[in-house]
Amino acid sequence: MSIKLYRASILHFLSDPDVDGEKAYEYFEDGALVIQDGKVLETGEASALTGKYDNADVVDYSGKLIIPGMIDTHIHFPQVEVIASYGEQLLDWLNNYTFPAERQFEDKKYASKIANFFLDELLKCGTTTALVFGTVHKQSVEAFFEASEQRNTRMICGKVMMDRNAPEFLTDTPESSYQDSKELIEAWHEKGRQLYAITPRFAITSTYEQLEKAGQLMAEHPTTFMQTHISENKDEVAFVRELFPETKDYLDVYDQYGLLGPRSVFAHGIHLEPREHERLRETGASVSFCPTSNLFLGSGLLDVEKLEKEKVSYSVATDVGGGTSFSMLQTLNEAYKICQLQGQQLSPLKSLYLATLGNAKSLQLDDKIGSFQADREADFAVLDYDSTPLMSLKQSKCKTLFEKLFAMIILGDDRSVKATYVAGELAHEKQ
Ligand code: GUN
Ligand code: ZN
C-alpha cells in the first residue's frame, strides 16, 4: 500500500508532562507524520523523513498543527438534542428533558439519523474515539455501531441498563438487559474497531438484581468496558444512600457487584470520599471529568489536584447533552477554569496530553490510539492557528509553543479543526 507523508508541526505525548516534563512529548516544528495501511510508520523532522520516504504522497499542512485524534471518555449520543436545556439540576433534568428525548430511540431509523449526526459532529471537532452511552433500546446501539463501522471510527458504546426510577417506557428488566447486552457484545465487541461497554446508567436506576447481571456480564466478558455515573450531584448521592443503606458509600454499590476494574469508567465523581478514592486506585478504575456538564448542571467543581495526589486515574470528557460542547478544546477550556476556581493549574501540555494519550491510557487503549508511536492507528486532527481572525491575531502574539497551545485551547473549537483523519483516511475537512 502507498505511503502518505503529512507535513506540518507535529505534537504527541509519550507520557504525562506533569511527571516527565520535556521528555513527555515530541514536538517537531517542521515535522512529518508518515502513514501506511492506516497505521503510523513514524514521525519526526520533515528534513529527515522527506528524504527517507521520497516515494510517499505528500500532503502539505505546513503552518498547521497535527495532534493525535482526540478521545472523549464520556458522552451520550441520544442526548444531542438535549444540549442547552434550561434551568434544572441533574435529577429534574433527567426526568424533564433527558428521558423524554431518549424515548425516541425506540425507533431505529431515528437512532440512525442521530448516530450519524453525532459521529459527524465529533469528527468535526477532531474527536476520533469516544466512550458512548446509548439508550435502553438495543436497537439504539446497533444503529450507533453501524454508523461507526461505516466511518471505521474506534468507538465504544453500550446499551443502557435501567429497571427502576425511570418512566416505564424506558425500563428493561434484569433478564432482558442481560440478554440484550450479551447479544450486542457477541455481535459488536472487537468487530473491526468497535468495542462494547456494559452500561448500567447509575445506581439509582438499577435494582440489586440488575447490578448483579451487569457484574455477571463483566465476569463473562472480561475484555469489555464498564461505564456508569457516580457522585455527580448531592441529591443523587443522598438518594443512593437511601436506596443502598447497607453499602459503605456510593462506589461500594458498584463494588459489591464486581463492577470495578481497569476498564471501568465512572463519570463525574465530584463528591467522592477518601475511601472511594482509595478503592478506585486499588482497582485501577477511573473517573471521567466532565467540566462543561458539571458547570452547566450546577453539579460542582471536581478537585483534580486531589485525584492527582491520591493517584486516582482520570480522563476528560464532554458529557453531551449535560455538557454543552462536542469540542474537547472547549472542554479543556472549561477544565482550566474549574481548576482556577480552586487555585489549581492545568497547563496546555497537560490538557492536550489528557485529551490524547492520557484518555487513551485511562481506557487501556494506549497501545492502539492516543499517540504517534510506530504502529498506532492513524487517527489524527489537523489544527489551524488561523481559524478565526481573533485566533490569528492572538497566535501572532504568542512567542512559545506553550502560549500557542494555550490560546488554541481557550479560543479553539470545531472551527479550529482543518481536517480529521480516521485510520489514515480523510474523514472530515473544513470548508
Ligand atoms: N446520571 C445518570 N444519567 C445521567 C445522564 O444522562 N447524564 C448525566 N450528566 N448524569 C447522569
Ligand atoms: Zn453522562
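Here, each number is a calculation from the coordinates, and none is a lab measurement. Nothing here was measured: the structure is a model prediction, and the numbers come from that model. As a convention, Cβ positions derive from the backbone with ideal geometry for all residues, glycine included, and neighbour counts pool all protein chains shown.
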Working carefully through the options Ile204, Ile198, Ile185, find the one that is surrounded by 14 or more Cβ atoms within 10 Å (Cβ to Cβ), within 16 Å of ligand 2 (Cβ to nearest atom), assigned to a helix (DSSP H, G or I) and not basic (Lys, Arg).
Ile204
Please find, within region 50-85, the residue that is nearest to ligand 1 (Cβ to nearest atom) out of those that are polar (S, T, N, Q) and within 16 Å of Ala317 (Cα to Cα).
Gln79
In region 271-302, which residue that is among the charged types (D, E, K, R) and buried (at least 18 other Cβ atoms within 10 Å of the Cβ) is nearest to ligand 1 (Cβ to nearest atom)?
Glu276
Being farther than 20 Å from His268 by Cβ, away from ligand 2 (no atom under 15 Å from the Cβ), outside any loop (DSSP other than H, G, I, E, B) and touching a strand residue (DSSP E or B) at 6+ places or on another chain (Cβ under 7 Å) is the requirement here; does Ile67 meet it?
yes
Glu88, sole failed condition from (1) in a helix (DSSP H, G or I); (2) within 12 Å of ligand 1 (Cβ to nearest atom); (3) surrounded by fewer than 17 Cβ atoms within 10 Å (Cβ to Cβ):
(1)
Note on region 233-259: residues among the hydroxyl-bearing types (Ser, Thr, Tyr) and either surrounded by fewer than 17 Cβ atoms within 10 Å (Cβ to Cβ) or outside any helix (DSSP H, G or I) (or both) are Thr247, Tyr257
Contact list please: Cβ distance under 6 Å, first residue in region 231-247 and more than 15 Å from Ser299 (Cβ to Cβ), second residue among the hydrophobic types (A, V, I, L, M, F, W, C) and buried (at least 18 other Cβ atoms within 10 Å of the Cβ), pairs at least six apart or on different chains.
Phe244/Val253; Thr247/Val253
Can we say Lys361 is in a helix (DSSP H, G or I) and either closer than 24 Å to Gly261 by Cβ or aromatic (Phe, Trp, Tyr) (or both)?
yes
Which of the residues that make up region 306-330 are in contact with a strand residue (DSSP E or B) (Cβ under 6 Å, 6 or more places away or on another chain), under 22 Å from Ala24 (Cβ atoms) and touching a residue at least 60 places away in the same chain (Cβ under 8 Å)?
Ser315, Val316, Ala317, Met328
For region 35-56, does any single residue satisfy the condition of being more than 19 Å from Thr331 (Cβ to Cβ), touching a residue at least 60 places away in the same chain (Cβ under 8 Å) and not in a strand (DSSP E or B)?
yes
Has region 386-400 got any residue that is in contact with a Pro (Cβ under 9 Å, 6 or more places away or on another chain) and part of a loop (DSSP other than H, G, I, E, B)?
no
The correct count of residues that are hydrophobic (A, V, I, L, M, F, W, C), assigned to a strand (DSSP E or B) and farther than 15 Å from Lys361 by Cα in region 1-34 is 9
Scan region 216-232 residue by residue and report those that are more than 16 Å from ligand 2 (Cβ to nearest atom) and either buried (at least 20 other Cβ atoms within 10 Å of the Cβ) or in a loop (DSSP other than H, G, I, E, B) (or both).
Leu217, Met218, His221, Pro222, Thr223, Thr224
Only residues that are assigned to a helix (DSSP H, G or I), of a type outside the set (A, V, I, L, M) and either more than 14 Å from ligand 2 (Cβ to nearest atom) or under 20 Å from Asp18 (Cα atoms) (or both): list them for region 292-318, please.
Glu305, Lys306, Glu308, Lys309
